Amino acid sequence: MGTPEFAVEPLKRLVEGGYNVVGCITMPDKEAGRGHHIQFSPVKEYALSQNIPLLQPEKLKDEQFLSDLRNWKADIQIVVAFRMLPEVVWNMPRLGTFNLHASLLPQYRGAAPINWAVVNGEKETGVTTFFLTHEIDTGKIIRQKKLVIGENDCVGDVHDRLMDMGADLVTETMDIILGGDVTTYEQKCFYKDERELKPAPKIFKETCRINWNQDVKTIHNFVRGFSPYPAAWCNLIDPQGNTIIVKIFETEKIESNHNQAIGSFKFDKKFIDIAVNDGYIRIKSLQIPGKKRLSTEEFLRGFKLTEEYKFE
């Protein structure tokens with residue numbers, strides 16, 4: 001059960017590893033773009049290429065869906081980046097249902113664990129497999145693998161490495177379960193106080209707005225945590241007072257003492273430096289509406305930036 005690209009690699013490893021994948025469940029097709037073309041999920045595209053039976057339920061308690069699911073007689077169900085399942089679904093197979101989550105649980109429970117780990121400046125993250133239970137991301141842990149996060153890694157870099165690591169962990173977990181020797185661990189064993197736990201809530205557009213009043217390190221991590229998607233952004237106000245939304249994908253930290261106003265900037269042919277309270281954020285790549293992502297040097301060759309502009 002899965003939808004995005006992150007879920008395809010574990011499925012691919014199962015198929016290529018000779019496991020008997022009796023079916024896939026993914027989100028219903030949706031319209032995308034100006035032409036309203038029907039878009040298949042990455043999991044559906046892969047399942048069709050392998051002739052794997054497919055279900056795309058609107059509602060997970062729909063009787064027809066539940067009947068079709070029972071008819072597959074699956075021994076185990078694997079969930080990777082899907083939806084919250086009702087008990088009637090996760091409790092169906094005889095060996096249970098396990099989930100692959102892109103964090104070191106119990107930290108970063110929620111919809112966007114990779115993003116928030118990078119935003120918060122974590123030096124490591126990882127992947128966890130655990131058995132599903134009633135409350136989301138709280139079931140007994142089966143296995144974990146750790147991954148180092150570099151100080152300049154963006155969420156796209158971490159996503160891709162975790163995707164490969166997660167695929168390995170799924171097949172490893174399958175072998176453990178099929179071998180009948182599963183040792184699990186309660187998540188409460190990993191913390192003393194729930195206040196220690198960092199959440200990973202769903203991300204919205206306003207979540208990604210840059211606050212120039214924060215320090216260099218915090219803003220740099222914030223940009224990394226949403227790059228390349230959905231992308232951190234700010235407003236650029238032109239001399240006439242018009243607002244241009246600027247997506248920022250890559251930055252450099254410059255820590256220094258200065259007397260410039262927060263949010264003011266200096267620039268040359270190759271750089272834009274935004275003043276923050278303990279230095280400057282150097283913008284290295286960005287995008288404005290209707291244009292593609294550009295390096296700052298490329299952007300400044302085509303955009304007549306002047307000192308009358310303001311970053312907000």
### Query
So for the stretch 215-276, Kirkwood radius off the Cα pairs, Stokes-Einstein at 10 °C and 1.306 mPa s: how many µm² s⁻¹?
123 µm²/s
#### Entry: Radius of gyration, Dmax [the stretch 95-176; alpha carbons; angstrom]
12.4, 41
### Message
Just to confirm, what accessible area per residue do you get for the stretch 44-109 at 1.4 Å probe, in whole Å²?
### Response
51 Å²
### Query
In the P(r) worked out for the stretch 185-251, what percent of Cα pairs fall beyond 21 Å?
44 percent
### Message
I'd like the distance between the alpha-carbon centres of the stretch 5-28 and the stretch 108-123, rounded to an integer number of Å.
### Response
25 Å
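Please grab the % of Cα pairs in the chain that end up more than 33 Å from each other. Before the final figure, lay out the partial values.
Details: 17691 of 48516 pairs.
That fraction is 36 percent.
Protein chains only, probe 1.4 Å: how do 136, 114 rank by accessible area, largest first?
136, 114
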### Gain in span if fully extended, residue 304 to residue 21, counting 0.36 nm per residue against the direct Cα distance
96.3 nm
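Carbon and sulfur atoms: what percent of the 1.4 Å accessible area of the chain do they account for? All intermediate terms of the calculation are to be shown ahead of the outcome.
Working: 7980 of 16760 Å².
Summing carbon and sulfur atoms, their accessible area is 48 percent of the total for the chain.
By the gyration tensor of its Cα atoms, with a ≥ b ≥ c the square roots of the eigenvalues, what is the shape of the stretch 120-262: rounded for a/c under 1.5, prolate for a/b over b/c, or oblate?
Working: a/c = 2.56, a/b = 2.43, b/c = 1.06.
Prolate.
Could you sort 178, 95 by their accessible area in this structure, using a 1.4 Å probe and putting the largest first?
On the way: 178 100, 95 50 Å².
Output order, biggest surface exposure first: 178, 95.
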### Task
Can you pull the one-decimal nm distance between simple spin-label points at residue 133 and residue 238, each 7 Å off the Cα toward Cβ?
5.7 nm
### Task
Please give the solvent-accessible surface of residue 1 in Å², to the nearest 10, using a probe radius of 1.4 Å with every protein chain present.
30 Å²
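Given a Förster distance of 25 angstrom, what is the FRET efficiency for residue 75 paired with residue 54, based on the Cβ-Cβ distance and rounded to 0.05?
Values: r = 19 Å, r/R0 = 0.76.
After rounding, the FRET efficiency stands at 0.85.
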### Query
How many nm is it between the label spots at residue 292 and residue 87, if each spot is 7 Å from the Cα in line with the beta carbon?
5.3 nm
### Query
For the Cα atoms of the chain, what angle does the longest principal axis make with the long axis of helix 216-225, in degrees from 0 to 90, nearest 10?
40 degrees
### Task
Output the direction-averaged projected area (hull surface divided by four) of the convex hull of the alpha-carbon atoms of the stretch 190-229, in nm².
4.3 nm²
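Assuming a viscosity of 1.306 mPa s and a temperature of 10 °C, what translational diffusion coefficient in µm² per second does Stokes-Einstein assign to the stretch 32-146, Rh being the Kirkwood radius over Cα pairs?
Numbers: Rh = 16.1 Å.
In µm²/s, the coefficient is 98.
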### Task
Using Cα centres only, tell me the gap between the stretch 280-305 and the stretch 226-240 in whole Å.
10 Å
### Message
Taking just the alpha carbons, could you work out the radius of gyration and Dmax for the stretch 271-312, both in angstroms?
### Response
11.0, 33
### Message
Quick check: the angle from helix 5-16's long axis to the longest principal axis of the chain, C-alpha only, nearest 10 degrees?
### Response
40 degrees
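In the stretch 102-152, what GluC sites (Glu not before Pro) fall in a loop by DSSP, with at most 13 other Cβ atoms inside 10 Å?
Of the GluC sites (Glu not before Pro), the ones in loops of the stretch 102-152 whose Cβ has at most 13 other Cβ atoms within 10 Å are 135, 151.
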### Query
By how many degrees, 0 to 90 and rounded to 10, does the Cα axis of helix 155-178 deviate from the longest principal axis of the chain?
10 degrees
### Summary
Using a 1.4 Å probe on heavy atoms of the protein chains only, the accessible area for residue 186 in Å², nearest 10, reads 80 Å²
### Task
Report, by chain and number, residues whose modeled amide H sits under 5 Å from the one on residue 280, excluding near sequence neighbours (fewer than 5 apart, same chain).
254, 255, 256
### Task
For the chain, set up a Gaussian network in which alpha carbons nearer than 10 Å are linked by springs, and say which option among 168, 278, 181 fluctuates the most.
181
### Area accessible to solvent at residue 298, 1.4 Å probe radius, in Å²
90 Å²
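The values are calculated or read from the model by the stated rules, or taken from the named source; none is laboratory data. Quick caveat, the model's predicted, so the values are computed rather than measured. Note: ideal-geometry Cβ built from the backbone for every residue, glycine included; neighbour counts use all protein chains shown. Quick note on the areas: whole protein, heavy atoms, side chains included, nothing else; ligands and nucleic acids left out. Shrake-Rupley method; radii C 1.70, N 1.55, O 1.52, S 1.80 Å.
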